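What follows is a set of notes on a single structure, which appears directly below.
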Amino acid sequence: MADAEIIAVGSELLTPSRIDTNSLWLTDQLNGLGVEVRRKVVVGDDRELLSAVIRQSLKQVDIVILSGGLGPTEDDVTREAVAEALGRPLVFRQDLLDALSERFQRLNRKMADNNRRQTFVVEGAEPLPNGRGTAAGQWIEDDSKVVMLLPGPPHELKAMFTGECLSRLQKKLPAQVIRTRFYRVAGMGESDLDQLISPVYKPYANPATTILAGAGDIQIHLRARAHSEPEAEALLTAVGPPIEELLGDRIYSRNGANIETVIGEQLRARHATLSVAESCTGGLLGDRITSVAGSSDYFVGGFLTYSDAMKTHLLGVDPALLARHTSVSEECAKAMAEGARQRTGSIYAISVTGEAGPQSQSGAPVGTVIIGFAAPDAEAQAKRYVLFGDRNGVRARAAQWALDDLRRRLH
């Protein structure tokens, strides 16, 4: 199996103002060829350090891709570093100089003397034409290894890789594929989930299992690598279905879709509409629902009722109910949901009220969240949760728990 490492070159990538997006795109392209990316490194404009990193990469993997550092200025050191790492000289190419001169003439611009640096290639390298810039790329084969030098600007790199490198790689690579399964889970913590499913996945190095946790949202990635697609799918089948059986309806997505997208699909399939009434989440719930394109098909609107007075004025919550039970109560959550449904004419409504902290205003413990639900031809319902985290964490989890509660009721 062929593996790769990606080296992003440029001191600007070590500052907080620039992000290396090229390596993300290249990883996706390589994975499509069955190539696993073992490491990504960002190196500043330091020829000696870059050369050392290249030598280390060549000891570890079959494919090394460098992006950036091919410009005409003195701090563009990729060509020199690769030549040093491979123990080869740089060679002047008259054909590259002619093509570069012609390009500047077409643009009616004078070519600076330092552009001549871009006409040198590592001995034995195959120049890769760049139709979108002045920096030619290079394809170098060293025994069984491949080194690619690609320009830094993303539009140049992508065009060069797809136009020049992809077919070359396909010819050299052995038969190999990477296949994945991607589950998203709600309603349980990361440690509880891992304790439940680890007996299934731990015996297997392939597929590899990765668990990523967010605020009330856990992602499970299964990644199988094999010589053929049927072989990879067989590896995934050994792990995926047993995990699905253990998690049951806690799995809300098998294709990576977020929970608000899944809910939108449920509502659209029912030709149903939804409204929300929020207190402690301060609009987070409505924001997540409307982040889905086309949500106007099913979402009619919501109410942000942070104070008791607004709960009464906008949703019709009885002041006597609030005095008797407080705003952080099942009774209030149910009244909020029913009020939102009646005032908007939606088929369903969900509400959120609670104590996000840092101090409690109602007497309920900080982290207490109550989610209400109203539907036609049934009494409104409510569930109480105690969520952990700081103020922002409680608010984010409250929105996630409300969406999951709605998903389960619709399901």
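Observations, loosely collected:
- If a spin label sat at a point 7 angstrom from the Cα of Phe388 along the line to its beta carbon, the backbone N atoms of the stretch 356-382 nearer than 16 Å would be those of 366-369.
- Three-way shape call for the stretch 3-172 based on the alpha-carbon gyration tensor, with the a/c threshold at 1.5: rounded
- Our helix-only sum for the chain, with -39,500 (n - 2.57) per DSSP H run of n ≥ 4 divided by its residues, gives a mean residue ellipticity at 222 nm of -12000 deg cm²/dmol.
- Applying 1/(1 + (r/R0)^6) with r as the Cβ-Cβ distance of Arg55 and Asn255 and R0 = 51 angstrom yields a FRET efficiency of 0.80.
- Exposure here means at most 10 other Cβ atoms within 10 Å; with trypsin sites (Lys or Arg not before Pro) in a DSSP loop as sites, the longest stretch of the chain lacking them is 111-411.
- Efficiency of FRET between Gln219 and Ser144 - r from beta-carbon atoms, R0 22 angstrom, step 0.05: 0.05
- When the chain is treated as a GNM with alpha-carbon contacts under 10 Å, the residue of Ala159, Ala335, Ala398 showing the greatest mean-square fluctuation is Ala159.
- The chain: most fluctuating residue of Ala186, Ala309, Ala382 per GNM, C-alpha cutoff 10 Å: Ala309
- Label-point gap, in nm, between Arg324 and Phe182 - each point 7 angstrom along Cα→Cβ: 5.0
- Distance between the modelled labels on Ser291 and Thr21, one decimal in nanometres: 1.9 nm (7 Å Cα→Cβ projection).
- Inter-label distance for Asp75 and Gln170, nm, one decimal - labels placed 7 Å from Cα along Cα-to-Cβ: 3.9
- Relative to the current alpha-carbon distance between Ala208 and Glu229, full extension at 0.36 nm per residue lengthens the span by 6.0 nm.
- Dividing the Cα radius of gyration of the stretch 161-309 by its Kirkwood radius returns 1.11 for Rg/Rh.
- Degrees separating the helix 190-201 axis from the principal Cα axis of the chain, which is the longest one: 60
- Derived scalar couplings ³J(HN,Hα) [the stretch 330-340; Karplus, 6.51 cos²θ - 1.76 cosθ + 1.60; whole Hz; x for Gly, Pro]: 4, 4, 5, 4, 5, 5, 4, 5, 5, x, 5
- From the coordinates shown, Cα Rg over 2.2 N^0.38 Å corresponds to which of (i) 0.97; (ii) 1.64; (iii) 1.32: (iii)
- Cα gyration tensor, the stretch 259-410 - rounded (a/c under 1.5), prolate or oblate: oblate
No value in this document is a laboratory result; all are computed from the given coordinates. Just so it is clear, the structure is predicted and the values come from calculations on it, not from any experiment. Cβ sites come from the backbone with ideal geometry, for glycine too, and all protein chains shown count toward neighbours.
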